[in-house]
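The values are calculated or read from the model by the stated rules, or taken from the named source; none is laboratory data. Just so it is clear, the structure is predicted and the values come from calculations on it, not from any experiment. FYI the Cβ positions are ideal-geometry reconstructions off the backbone, even for glycines, and counts take in every protein chain you see.
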Amino acid sequence: MFGMPDLSPEDRAVVDFAYRETHLLNADRFAEWITLLTDDFEYRVPHPELRDDPRSSPYSATSLLSWESVHSLRVRFDRLASEFAWADRPPAFHRRHLTAVRVERRDDASWSVACDELVARSRTPEPPQLVSALREDLVRLVDGELRLARRTVFLDVDRPDLAQIALLF
Amino acid sequence: MTAAESDPDRPRARTGERDRPMSDAPTPGAVPGSFAVPRRYFAGKAEWEREIESIFRHSWLFLAHESEIPEPGDYVTRLMGTDQVIVSRSESGQVQVMLNSCTHRGTLLCKADVGNASHFRCGYHGWTFANDGKLTGVPRHRELYGRDFDKAAFGLRTARSDIFHGLIFATFDADQVELREYLGDLAFYLECFLGVSAAGTDAPYGAFRFNHQGNWKLEADNFSGDGYHLRHAHRAGFDLGLMGTQAGTTEGVCIQFEHGHTLRAQRTAGTSEAVFPGYPEDRWPEIQARLSPDQVDMFSGSTVVHGIVFPNLAFIHTPRAGGFDPGDPDAAMVQFRLFNPVGPDHTDELCWLVTPADYAPEWKESAFKTMQRQHGATAFFESDDMENFRRMLQVNTGAETRDRIPANFDLAHDHAPYEPWFDGPGNVVGTDISEVNQRWFYARYLDLMED
Ligand code: FES
Ligand SMILES: [Fe+2]
């Protein structure tokens, strides 16, 4: 593919996997998306925290804006399917755009995946949002299938509004 | 004991609306009448400016947990109402709260959220302040300002600050009572969960901060004691089995305190022994020894305690059997939640998990997960509340709506089905579904606003 001439077939499959699972989120196909997670999957959004020194990390080492597991995500999706998901009825317009998907093989059965992500969301009366983030994933082979084992979202926003972090990245 | 009766300066409700006068008595049992708050208080710019002047400049305001700045030089930057402040630990170990504004021409002095510094140097002309607020450096000051220039007159304006079980509060009002007196009888209840360990408290994950659309009072109102919204706004939480012990047979109370604080508590009905769900059983003897017998009565079998420190700090304590993920230990979650009005329609919010300092890391982690998933920035419990707050904002600017339809707080004037199971201070009303606490909060609010 353009810009990624030397991907092995295995690495290529991991890039395809990233696009496929992100498409499922865009399409609200959560029941299918959740089957792509490992049992020990964790989703974290580190808390942005500005420090004076540009060499230090702009994210807190301890505090998080979000921390989800398969169990907690299942509860989230069950709520979305219920009649009582007030904050999601009517639902928001939303779309995730991935660019520059990078894969790096860690060992025989796992890959680090990073991509730049732009998430658009709009739902009156909240102003339309366009949020950029670095998304870092760990992808593993489980019984011969690719599975998402970890996702960490580094927001490019120093003081997020709730409307900017309402979606899964 | 009733704070309401003993306090001659207790808040008086005001007539806030042409056609719907409020009751003279915000507590139930007295003259039942309509208690309404005009909508302009939730949307108007002039009202917001008056809140800052009349309430925020005079109240004790929460800022940080001491454990966020453990070492000399550590600091965080926060808000007191609309004022930017630095909360720092000086070289001598004292906590200082100072206006974050250079005394020369006023630039924001410290632009980071968190850090460590012995000095803050202004980015404009280079005045330098020590982390206790003293002006220590003025470039070429002898040559340009002369020998008589008095640096001591140009230190950063420092607030009165005090610490309650690790919680740092401050006020710029020299006439405000001491913090302990301001908290008053609420301290009895806060100590039930802040005082359980001899090691004190800790905010092991620090703070997280976000903004949202909504008027700050709606959060105070909600946390002050809105037991009514739970089974509707948070219906999904009950249906999905996330409310744990709160879903069983419970009894509850709503309590009002001087200075506008409130608390709502529930426990498992009929608890007779000293049991502390969510706390490791081997720590129960310590809890029992550290709390007074009345506090043990109050806190035993607790399923939820929440309330507000007037004006803008909420707290919630909820034990969760079994933790949030399979295999996690039981843990009691204590969240403190601060909402600063950056405008009538915009709130800057900070949240902390507060734990006993010496509990096991696994226990703290389980409590943190519960906090993230129940009351975190992306937790759907909160999102369903925030949805209501922003939808209120959306209509509060409508002219006919704003002028004609006040916010109503009439719920449960005489409704008090439970006999309080403990002997504790404050005005204790035997109900867990009532707007008595909201009436108390708004009565205090209107009293300060209309004085
Ligand atoms: S404004 Fe700070 S030194 Fe001039
Ligand atoms: Fe709520």
(message) Can you tell me which of (1) over 25 Å from residue B:325 (Cβ atoms); (2) assigned to a loop (DSSP other than H, G, I, E, B) is the one residue A:84 doesn't meet?
(response) (1)
(request) Out of B:389, B:315, report the one residue that is more than 16 Å from ligand 1 (Cβ to nearest atom), in contact (Cβ under 8 Å) with a residue 12 or more places away in the chain and farther than 30 Å from residue B:284 by Cα. (result) B:389
(message) Exactly one of these conditions fails for residue A:6: (1) assigned to a loop (DSSP other than H, G, I, E, B); (2) at pLDDT 95 or above. Give me its number.
(response) (2)
(request) Identify all residues within the range B:143-158 that are more than 13 Å from residue B:132 (Cα to Cα) and not in a helix (DSSP H, G or I); write none if there are none. (result) B:146, B:147, B:148, B:149, B:150
(request) Please enumerate the residues belonging to the range B:292-305 that are closer than 15 Å to residue B:185 by Cα and surrounded by fewer than 23 Cβ atoms within 10 Å (Cβ to Cβ). (result) B:292, B:294, B:295
(message) Quick check on the range B:429-443. Is at least one of its residues closer than 27 Å to residue B:54 by Cβ and aliphatic (A, V, I, L, M)?
(response) yes
(request) For the range B:93-111, name all the residues that are assigned to a loop (DSSP other than H, G, I, E, B) and more than 9 Å from ligand 1 (Cβ to nearest atom). (result) B:93, B:94, B:100, B:110, B:111
(request) Taking residue B:188 as meeting all but one of (1) hydrophobic (A, V, I, L, M, F, W, C); (2) within 16 Å of ligand 1 (Cβ to nearest atom); (3) more than 14 Å from chain A (Cβ to nearest Cβ), write down the number of the exception. (result) (2)
(request) Would you check which residues across the range B:207-222 are at pLDDT 95 or above and either away from ligand 2 (no atom under 16 Å from the Cβ) or not assigned by TED's automatic domain parsing to the domain that holds residue B:410 (or both) and list them? (result) B:207, B:208, B:209, B:210, B:211
(message) Can you pull out every residue in the range B:393-415 that is surrounded by fewer than 19 Cβ atoms within 10 Å (Cβ to Cβ) and under 16 Å from residue B:347 (Cβ atoms)?
(response) B:394
(message) Here are the criteria: (1) under 24 Å from residue B:389 (Cβ atoms); (2) within 14 Å of chain B (Cβ to nearest Cβ). Tell me which single one residue A:93 does not satisfy.
(response) (2)
(message) Pairs needed: first member in the range A:57-77, free of Cβ contacts under 8 Å to residues at least 24 places away in the same chain and farther than 17 Å from residue B:327 by Cα; second member anywhere, surrounded by 21 or more Cβ atoms within 10 Å (Cβ to Cβ) and of a type in the set (D, E, K, R); C-beta distance under 6 Å; at least 6 residues apart or different chains.
(response) A:60/A:49
(request) Tell me the helices (runs of 4 or more DSSP H) entirely within the range B:348-435 that contain at least 1 residues that are of a type in the set (Phe, Trp, Tyr) and either more than 9 Å from chain A (Cβ to nearest Cβ) or under 20 Å from the mean Cα position of the chain (by Cα) (or both). (result) B:361-375, B:380-396
